[in-house]
Amino acid sequence: MPGQWQVRFGALAVVVSAVLHAAPWVESSSAFEYTQVHMGIPVRIVLYAADETSAMRAATAAFARIGELDRAMSDYRPDSDIREVARRAPAAVPVAPDVFRAVTRAIEIARATDGAFDPTVAPLVELWRDARATSRLPPPAAIARARALVGWRRVELDAARVSMRLPVSGMRIDLGGLGKGYILQAALDTLRSVGVRSALIEAGGDIVVGDAPPGRAGWRIEIPASTQSGGDGTSGISGGLFRRAATLSNAALATSGASVQFVEIDGIRYSHVVDPRTGQALTTSVTAHVIAPDGATADALATAATVIGERGLATLRARFPEALIHLGMPVGLTAPLR
């Protein structure tokens with residue numbers, strides 16, 4: 001049974017296709033697709049199951065897992081574990097095991113990227129959200145105050161008590177650069193736990209996939225060609241990352257860039273991605289594509305790559321040899337977010 005799904009990374013269209021060749025054992029498995037809104041965006045699940053009842057049961061469990069994690073990890077929800085940690089600073093706060101694992105991974109990536117990725121960037125992100133809403137740049141004094149509250153080294157994690165502590169009142173955790181990937185990966189693990197091995201889950205620029213569709217070598221992810229070299233001796237995205245994406249299985253692909261959320265002020269385009277080291281929103285129109293073994297890593301490295309840029313790309317690749325990382329110019333840009 002042929003199937004094709006259009007996945008959009010903002011203005012970037014990605015085609016996910018699985019055309020099944022005739023084979024006796026393929027007929028026992030069919031493709032099913034489900035979509036629900038979570039994390040403020042549509043989340044799409046494509047899975048292969050023996051029948052619709054089994055497919056619906058699996059998708060329902062995966063969506064429930066997504067909702068559970070979003071409630072615990074979202075910076076937007078006043079009752080989330082993440083907000084509770086900030087509200088009770090500087091006290092140590094018990095958190096859900098998943099929150100602890102996600103923040104631990106975020107700190108590991110912050111350390112490996114020398115702070116280009118930083119889960120404590122929330123005060124700066126809030127300033128630049130306001131800038132996109134008002135079309136006014138944050139005052140330098142406000143940026144300086146927010147920067148004083150940013151610093152991944154200050155996050156205290158207690159594995160024995162599964163607790164977190166932010167030592168300064170006003171510090172906040174923002175898992176926006178990693179949480180979505182973590183949540184989609186957890187949903188894929190839920191599908192596996194109920195017997196669904198071949199599945200794809202996609203939301204807002206992040207894709208995680210399990211086993212290949214029946215009769216195929218992998219999920220075909222078609223990423224539009226970039227106009228900038230991938231830095232690995234190939235033209236655009238036609239190198240290793242493109243080839244891997246064309247037959248992707250048991251991996252994650254994440255995209256980050258200024259193609260959707262940005263604001264133009266005095267002729268300069270400011271991205272929603274903020275450099276935690278300077279407090280400034282990025283003004284370079286680059287898009288990062290990353291394939292990694294899991295969603296959290298792919299998500300975080302895509303953000304880090306846009307911050308680090310071409311100059312730091314070789315170092316980033318060396319520190320994460322398990323990942324394929326590409327930087328290029330976006331094919332198109334949508335209207336500014338107002």
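The values are calculated or read from the model by the stated rules, or taken from the named source; none is laboratory data. Not measured: the values here are computed from a predicted model. All Cβ positions, even for glycine, are placed from backbone atoms using ideal geometry, and neighbour counts span all protein chains on display.
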Count - residues of the range 6-54 that are at pLDDT below 95, out of contact with any Pro (no Cβ under 6 Å at 6 or more places or on another chain) and β-branched (Val, Ile, Thr) = 5
query = Do the conditions hold for LEU313, that is, is it in a helix (DSSP H, G or I), surrounded by fewer than 20 Cβ atoms within 10 Å (Cβ to Cβ) and either aliphatic (A, V, I, L, M) or touching a Gly at 6+ places or on another chain (Cβ under 8 Å) (or both)?
reply = yes
inquiry  = Against the condition surrounded by 18 or more Cβ atoms within 10 Å (Cβ to Cβ), in contact (Cβ under 8 Å) with a residue 40 or more places away in the chain, of a type outside the set (D, E, K, R) and under 20 Å from ILE265 (Cα atoms), how does LEU166 come out, does it pass?
reply    = no
ask   = If we only count helices (runs of 4 or more DSSP H) wholly inside the range 57-163, which ones have 3 or more residues that are under 26 Å from ASP294 (Cα atoms) and of a type in the set (Lys, Arg)?
value = 97-112
key: Which listed residue is out of contact with any helix residue (DSSP H, G or I) (no Cβ under 9 Å at 6 or more places or on another chain) and closer than 30 Å to ARG44 by Cα, from ARG154, ARG192   = ARG192
remark   = A careful count of residues in the range 270-305 that are among the basic types (Lys, Arg) and part of a helix (DSSP H, G or I) gives 0
query = Any idea which residue in the range 107-134 is nearest to GLY151 (Cα to Cα), counting only those that are of a type in the set (Val, Ile, Thr) and touching a helix residue (DSSP H, G or I) at 6+ places or on another chain (Cβ under 7 Å)?
reply = THR120
